[in-house]
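*Asks:* Let me begin by handing over the structure; questions about it come next.
The values are calculated or read from the model by the stated rules, or taken from the named source; none is laboratory data. Everything numeric here is computed off the predicted structure, so don't read it as measured data. Every residue, glycine as well, gets a Cβ built from its backbone with ideal geometry; the counts of neighbours run over all protein chains shown. To get the accessible areas, we keep the full protein, side chains included, count just its heavy atoms, and leave off ligands, DNA and RNA. Shrake-Rupley method; radii C 1.70, N 1.55, O 1.52, S 1.80 Å.
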Amino acid sequence: MTQSEIDAIRALLASKPRPVGWDERRRRIDEVGAVWPVADDIKLDPVDLGGVPGEWSIAPGSDVSRVLMFFHGGGYCSGSICSHRRLVTEAGRAARRRTLAVGYKLAPEHPFPAALDDALLAWRFLRNQGVTSDRVAIGGDSAGGGLTVALINQLREVWKEQPACAWLLSPWTDLTMSGATLAGKDADDPLIHKAYLRELADAYLPAGMDRKDPRVSPLYADLHGLPPTLIQVGSAETLLADATRFAAAAGAADVAVTLEVWPRMIHAWPMWNARLELGRRALLRAGSFIRDHR
């Protein structure tokens, strides 16, 4: 990779003023996420997950019996199947399995626990389709990474089952915003800043809710029994400490956890894999991890 590639992505993100208001923010993430289209050989099929919109995707040569279920980022308030389509479809190609992108409900219109409820509905849909839990990997970026862990914890505690593995990309794991890199990396991160995260958390969480509740801040969860987990994060992210502290907590709980810190990379950089070599490499690493934990 040349430095010019990540600089070009930074320029893309800085090309317009930061959006104001939920509608503008949602349009903006869809625009920058979908700036490069899905590859021509990807087959897409919309699906109703029991009242929750979803989308199947599959690349040629993929195993239709195995699934990567993915939850998009956007701070629980934005992001969509559209914004993350290129990321999800290429992750499925790398993992050699079909994907199921989940369009969970967004705050502030639908605060907690709406996103987690929708994630559980998506899981039930898969299981009702006859897909066994050991053939499912669950992944997500940013808030979707936190939602991934929250879902897995609910599955372990209530349903006594879990997926084969988890993939967390730039995960937001601590809604108390106590990570040191929120300040230490603020000048490096073109996307995520503490005041913005506080606004998102205020919109997502009901008044008076404990922000250490493990259903919204999985950093504080009992992580014993979590499946093998890959965490990928960029060194230029304010959420770097959310990833590294979660990896440490998972490791202390005897979880088989792999942490990758990618030099100079920004928040959720594989979204721009069409023009970013290190985005493609990260997806290849994630795909290999998922294949190794069938």
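*Asks:* What accessible area per residue comes out for segment 137-178, rounded to a whole number of Å², with a 1.4 Å probe?
*Replies:* Values: 830 Å² over 42 residues.
Result: 20 Å² per residue.
*Asks:* Take the chain, connect every pair of alpha-carbon atoms lying under 10 Å apart with a spring to form a Gaussian network, then pick out the residue of Asn128, Asn153, Asn273 with the largest mean-square fluctuation.
*Replies:* With Cα springs under 10 Å in the chain, the top fluctuation among Asn128, Asn153, Asn273 is at Asn128.
*Asks:* Sort Asp40, Asp63 from largest to smallest accessible area, using a 1.4 Å probe on the heavy atoms of the protein chains. Please report the intermediate quantities before stating the final value.
*Replies:* Numbers: Asp40 160, Asp63 50 Å².
Largest accessible area first, the residues go Asp40, Asp63.
*Asks:* Which value, in Å², gives the accessible area per residue of segment 1-71 when a 1.4 Å probe is used on the protein heavy atoms? Display every interim value, and only then the final one.
*Replies:* On the way: 3830 Å² over 71 residues.
Dividing the accessible area of segment 1-71 by its residue count gives 54 Å².
*Asks:* Heads up, I need the accessible area for Ser80: 1.4 angstrom probe, whole protein in place, Å², nearest 10.
*Replies:* Number for this one is 30 Å².
*Asks:* Moving on. In Å², and per residue, what accessible area does segment 189-281 have when probed at 1.4 Å with the other protein chains present?
*Replies:* 37
*Asks:* Something else about it: In the neighborhood of Ala250, defined by Cβ-to-Cβ distances under 15 Å, what is the net charge if each Lys or Arg adds +1 and each Asp or Glu adds -1? The partial results should precede the final answer.
*Replies:* Values: positive: Arg156, Arg245; negative: Asp174, Asp222, Asp242, Asp254, Glu260.
Net charge in that neighbourhood comes out at -3.
*Asks:* Here's something else I'd like to know. Compute the distance from the alpha-carbon center of segment 148-209 to that of segment 26-76, in whole Å.
*Replies:* Segment 148-209 and segment 26-76 have Cα centres separated by 21 Å.
*Asks:* Which residue, Pro218, Pro228, Pro46, has the most motion in a Gaussian network model of the chain that connects Cα atoms within less than 10 Å?
*Replies:* Pro46
*Asks:* For segment 12-76, what % of the accessible area comes from carbon and sulfur atoms, probe 1.4 Å? Could the numbers behind the result be given before it?
*Replies:* Values: 1860 of 3260 Å².
Its accessible area is 57 percent carbon and sulfur atoms.
*Asks:* Continuing with this model, one more query. Which percent of the accessible heavy-atom area of segment 115-227 goes to carbon and sulfur, probe 1.4 angstrom?
*Replies:* Working: 1980 of 4120 Å².
That share works out to 48 percent.
*Asks:* If you place +1 on the Cβ of every Lys and Arg and -1 on the Cβ of every Asp and Glu, how big does the dipole about the Cα centre of segment 141-294 come out, in debye to the nearest 20? Working shown, then result.
*Replies:* Numbers: 16 positive and 18 negative charges, 80 e Å.
Roughly 380 debye for segment 141-294.
*Asks:* Name the long-range amide H neighbours of Glu260: under 5 Å, sequence gap of 5 or more, or other chain; modelled H, no Pro or chain starts.
*Replies:* Here the answer is Ile231, Gln232, Val233, since their amide H atoms fall under 5 Å of that of Glu260.
*Asks:* Which value, in debye to the nearest 20, gives the size of the charge dipole of the chain about its Cα centre, when Lys and Arg are +1 and Asp and Glu are -1 at the Cβ?
*Replies:* On the way: 35 positive and 35 negative charges, 96 e Å.
With only Lys, Arg, Asp and Glu charged at Cβ, the dipole is about 460 debye.
*Asks:* As a check on your grasp of the helix formula, calculate [θ] at 222 nm for the chain: sum -39500 (n - 2.57) over DSSP H runs of n ≥ 4, divide by the residue count, round to the nearest 500.
*Replies:* -11000 deg cm²/dmol
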